[in-house]
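Reviewing the structure listed below.
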Amino acid sequence: MLLGRILGWLLIALALLALGGDGLRWLESGMMGFIALGDFWARLDPPTYSLLQTIGQDYLPPILWDPGLATLLRWPAVLVLGLFGILLLVIFRRRTPKRRQRFGALS
């Protein structure tokens, strides 16, 4: 469960990194725009992005690649990474053990 929380925090850190890049582009150009997840991934690690494209186009069924994964890669990186990070943190949150009540014990 620790791995899920670490991955969640890593995704949130990447979302903040993408948001920082978007903010810098806004300061430079004066126009606000969000970088797509695919473009962010291609800038961050080009070999794995091209591997994803190759696997997606060659080995996945066309219905999974074009309307599915390709659409997700066109969405803003801040939104996708942030939502998946928060989702992982919620799923793998620390749960406190429930206390058992003792019958007859006064507290």
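Annotations
- Qualifying residue in segment 26-38 (condition: small (G, A, S), surrounded by 15 or more Cβ atoms within 10 Å (Cβ to Cβ) and not in a loop (DSSP other than H, G, I, E, B)): yes
Table: residues versus (1) touching a Lys or Arg at 6+ places or on another chain (Cβ under 6 Å); (2) free of Cβ contacts under 8 Å to residues at least 40 places away in the same chain; (3) not assigned by TED's automatic domain parsing to the domain that holds L11; (4) not acidic (D, E).
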| site | (1), (2), (3), (4) |
| --- | --- |
| W26 | no, yes, no, yes |
| R43 | no, yes, yes, yes |
| L52 | no, yes, yes, yes |
| D58 | no, yes, yes, no |
| P61 | no, yes, yes, yes |
| P67 | no, yes, yes, yes |
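- Test: residue in segment 42-56 that is within 19 Å of the chain's Cα centre (by Cα), surrounded by fewer than 14 Cβ atoms within 10 Å (Cβ to Cβ) and outside any helix (DSSP H, G or I): yes
- Those residues of segment 58-71 which are surrounded by 13 or more Cβ atoms within 10 Å (Cβ to Cβ) and in a helix (DSSP H, G or I), in sequence order: W65, D66, G68, L69, A70
- Residues that are within 30 Å of L17 (Cβ to Cβ) and loosely packed, with under 10 Cβ neighbours inside 10 Å were ranked within segment 91-107; the one that is modelled with the highest pLDDT is R94.
The values are calculated or read from the model by the stated rules, or taken from the named source; none is laboratory data. What you are looking at is a predicted structure, and each value in this text was computed from that prediction instead of being measured. So basically every Cβ, Gly included, is an ideal-geometry build from the backbone, and we count neighbours across all protein chains shown.
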